[in-house]
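Encoded as structure tokens, the structure appears first; notes follow it.
The values are calculated or read from the model by the stated rules, or taken from the named source; none is laboratory data. What you are looking at is a predicted structure, and each value in this text was computed from that prediction instead of being measured. We place every Cβ from the backbone using ideal geometry, glycine too, and count neighbours over all the protein chains shown.
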Amino acid sequence: MARPVSEKVRRVDRLLRDHIEAGGLGPGERFPSTRAIARRHDICYQTAHRIVTALVAEGLLEARRGAGTFVAGAVPAPTGVLLLFHPRAKRPQSFGARLKALLEAALEKAAIPYATSWSVSQLKRRPGLLPVYWESQPTGDVRSGLTGPKTFALLLNDRRIPGIGGSCIDTISTDDYSGGVCAAEVLLAHKDFRERAGLLKRAMVLAAHDGDARSRDRIAGFRSLLPIDLRRVVHAGSWNREDGWNAAPLLFSQRPTALFCCNDRLAEGVIGFARAKNLDLPPIVGFDNAPVAEELNLTTIAIPWQEVVDTAVEIIKTRMAGCTKGARRQILAPTVVIRTGPY
């Protein structure tokens, strides 16, 4: 004959049920382990196990093999968007500023509520919003569902995030390798090189720091068609105008016959240095088609900004509609914008 359930066990059972039903834990959130329940309420492990098993059987909890128990129920879909942009997007005429303006206009047109933050710390204060990152990496608040509720995020103009967490992070990026090939094709078509092929060996590349994957792919694409010596690739500190200016003395000391800058801001720095020192500029190709490229009349490899924004809005709408399928990877083809050059 089974022993009657004690008043203490009934009280623990009621406390745990109330915690779930009153919303103390939301759908998909981890429930305390059997061992933690036994310790906290001073009951034996077997009794705690029976209580948890009953809650699973009733559909209040769900057990995930090797991961523990979680509150049952669908995770609420996001009701809006939190734009998490790097502070560089505050710079006038930067492509971050352009992307932010285009995306905000598209969200307003689609009647999608949004808020903007320059710090990922705002995430915890904005529950229910889908994080959209630019030049800012997702934090632990984005989870795969292995140890908590399955939450999603969108990463703009960047690569996929490896590992389990990446299964919940949609990404929109540009084919950087193809962009590098395009840059080489533009220079190969330049009249100076058509007439004097030997000049190609003295072409140079100004890239971001050596560890940047986008920069690395742009270099690789360029060198696949125009195989310059790696010693003619100069790495700047980052992507900023100041880094282009600081790298310019080394570039001009090697008398480049052509220059591929892996973004337009680096090109802006080189051009500014050349003008300040009254130096002749070789043919230059940039990358991004930031507003500054138009201002400088610079030929550049263009990220398709409107396509990035349109794709982002489509993904956001899908997630707000409750889609919980695995992450999407959108890789967009760059295009060439030919201008007469900053000469």
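Assess whether SER224 counts as being surrounded by fewer than 18 Cβ atoms within 10 Å (Cβ to Cβ) and either among the aromatic types (Phe, Trp, Tyr) or not in a helix (DSSP H, G or I) (or both).
On the way: surrounded by fewer than 18 Cβ atoms within 10 Å (Cβ to Cβ): yes; either among the aromatic types (Phe, Trp, Tyr) or not in a helix (DSSP H, G or I) (or both): no.
Answer is no for this residue.
Residue pairs whose Cβ atoms lie under 9 Å apart, separated by 6 or more positions or on different chains, with the first residue in the range 304-319 and within 21 Å of PRO113 (Cβ to Cβ) and part of a helix (DSSP H, G or I) and the second of a type in the set (Lys, Arg) and modelled with pLDDT of 95 or more, are VAL313/LYS109. Residues in the range 89-116 that are assigned to a helix (DSSP H, G or I), within 23 Å of TRP239 (Cα to Cα) and not aliphatic (A, V, I, L, M): LYS90, PHE95, GLY96, ARG98, LYS100.
If you check THR69 against the conditions, is it touching a Phe, Trp or Tyr at 6+ places or on another chain (Cβ under 6 Å) and crowded, with 18+ Cβ neighbours inside 10 Å? Criteria met by THR69.
Of all the residues in the range 39-70, those that are among the hydrophobic types (A, V, I, L, M, F, W, C) and either in contact with a helix residue (DSSP H, G or I) (Cβ under 6 Å, 6 or more places away or on another chain) or assigned to a loop (DSSP other than H, G, I, E, B) (or both) number 9.
Residues are listed down the side, and each one gets a yes or a no for (1) in contact (Cβ under 8 Å) with a residue 40 or more places away in the chain; (2) assigned by TED's automatic domain parsing to the domain that holds CYS182; (3) closer than 18 Å to ASN240 by Cα; (4) surrounded by fewer than 24 Cβ atoms within 10 Å (Cβ to Cβ):
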{"residue": "ASN263", "(1), (2), (3), (4)": "yes, yes, yes, no"}
{"residue": "VAL270", "(1), (2), (3), (4)": "yes, yes, yes, no"}
{"residue": "LEU279", "(1), (2), (3), (4)": "no, yes, no, yes"}
{"residue": "PRO283", "(1), (2), (3), (4)": "yes, yes, no, yes"}
{"residue": "ALA290", "(1), (2), (3), (4)": "yes, yes, yes, no"}
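Just to check your reading of the model, which residue among ARG231, ARG218 is among the charged types (D, E, K, R) and surrounded by fewer than 18 Cβ atoms within 10 Å (Cβ to Cβ)? Before you say what the answer is, go through the steps one by one.
Working: ARG218 fails: surrounded by fewer than 18 Cβ atoms within 10 Å (Cβ to Cβ).
Criteria check complete, one pass: ARG231.
It is to be established whether one or more residues within the range 328-342 are under 20 Å from the mean Cα position of the chain (by Cα), in a loop (DSSP other than H, G, I, E, B) and loosely packed, with under 13 Cβ neighbours inside 10 Å. Yes, some residue in the range 328-342 is under 20 Å from the mean Cα position of the chain (by Cα), in a loop (DSSP other than H, G, I, E, B) and loosely packed, with under 13 Cβ neighbours inside 10 Å.
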